[in-house]
Amino acid sequence: MTPESDPNTIVYFRGSYVPLREAQVGILTHALHYGTGVFEGIRGYWDDAEHQVFLLRPREHYQRWKQNGGILHIDVPLTPDELSGITAELVRRNAFHSDIYVRPLAWKCAERIGVSTDDQNAFAVIAVPFGEYLHSEKGLHAGVSTWRRIEDNAIPARAKICGAYVNSALASDDARRAGFDEAILLNENGQVAEGATCNLFMVRKGELITPPVTENVLEGITRDCVMELASREMGLKVIERPMDRSELYIGEELFLTGTAVGIAPVVRVDHRPVKDGAIGAVTREVRRLYFEVARGHLRAYRKWVVPAFPAATSAEQLEPEATAVALAEMGVR
Ligand SMILES: Cc1ncc(COP(=O)(O)O)c(C=O)c1O
């Protein structure tokens, strides 16, 4: 059994902390039939030095989740801060000392036949130990999919709606069967949208380019991190503009970004090497910075991480001298 499916994992389900094996839904659940749920994906990164799990931008994820819930008329009746607190509590109750993935899920929970929705909603937050999602250390081979990215006026791609992920599943399944590591989807205009589960960046003529959020892409939080790190820390010009498919073949660097994938270099597209087929310098640096931030190493970006274990433990690890002085003052040795 994989750690992801350990039935004893404590999850937050419909208002209580329960073991995963007790978090069950009925076969007639509306969301199971019609895809009427909204989910999120949040990472927590373990840092050895501080003995801490840092949740990466949980408030922004929960803010997005609540907004997206609104698109389906699903109200999650807690604030982003309260939801971040529940997530930290899950880390503590499960005593996770590893990288983790958090899956908040809100869904239409009425158990009956019929597509029309009502106000019966439920939500859960599940956290599991989680390593690499795509093995991208050596760079990926991506393929442009024949499936088109869903259109905003059909199912909004930005909303992270459960049923919308049939689009991603079809594209990524085809890509893997064809020998690619990941699919790149074009939108209905034939321009580059994103990967099946991630946003896409290209370096061209020294500039960092990504499709705008109006091209039927998810408004990625990793995408936002990358745009800020690239412009503020690396001094790169970051541009949001439509991207042609053939630009993928002539760009200098390509990489994918997402909570699950992290920063994944693409070194081949449709059997063509990206430049010389090696991971480029910009990709390497973005990736390095991102993981430094994610593990709480960059003070300027501590605002993006929320420690799951009590701060006292991490403060002790972070500043042993200061802590020793404070303890001495309190008469503790
Ligand atoms: C379709 C799609 N695009 C992009 C992303 C990346 O978004 P984020 O960086 O917020 O995880 C995801 C992540 O779940 C996704 O499913």
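The values are calculated or read from the model by the stated rules, or taken from the named source; none is laboratory data. Since the structure is predicted, the reported quantities are computational estimates derived from the model, not experimental observations. We place every Cβ from the backbone using ideal geometry, glycine too, and count neighbours over all the protein chains shown. Accessible surface is based on the protein model in full, side chains and every heavy atom, while ligands, DNA and RNA are left aside. Shrake-Rupley method; radii C 1.70, N 1.55, O 1.52, S 1.80 Å.
Quick notes on this structure:
- Check on ILE100, in contact with a His (Cβ under 7 Å, 6 or more places away or on another chain), within 16 Å of the ligand (Cβ to nearest atom), hydrophobic (A, V, I, L, M, F, W, C) and open to solvent by less than 50 Å² (accessible area, probe 1.4 Å): no
- In the condition set (1) on the phi < 0 side of the Ramachandran plot; (2) out of contact with any Leu (no Cβ under 9 Å at 6 or more places or on another chain); (3) part of a loop (DSSP other than H, G, I, E, B), GLY235 is compliant with all but (1).
Results for (1) charged (D, E, K, R); (2) outside any loop (DSSP other than H, G, I, E, B), shown as yes or no for each residue.
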residue	(1), (2)
VAL11	no, yes
ARG43	yes, yes
ASP75	yes, no
ALA106	no, yes
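- The set of residues in the range 36-80 being open to solvent by less than 10 Å² (accessible area, probe 1.4 Å), over 24 Å from LEU289 (Cα atoms) and more than 13 Å from the ligand (Cβ to nearest atom) consists of GLY37, GLY69, ILE74, VAL76.
- A count restricted to the range 191-225 and to residues that are more than 15 Å from the ligand (Cβ to nearest atom) and open to solvent by 20 Å² or more (accessible area, probe 1.4 Å) stands at 5.
- Each residue in the range 248-293 was checked for being within 16 Å of the ligand (Cβ to nearest atom) and of a type in the set (Lys, Arg), and 1 pass.
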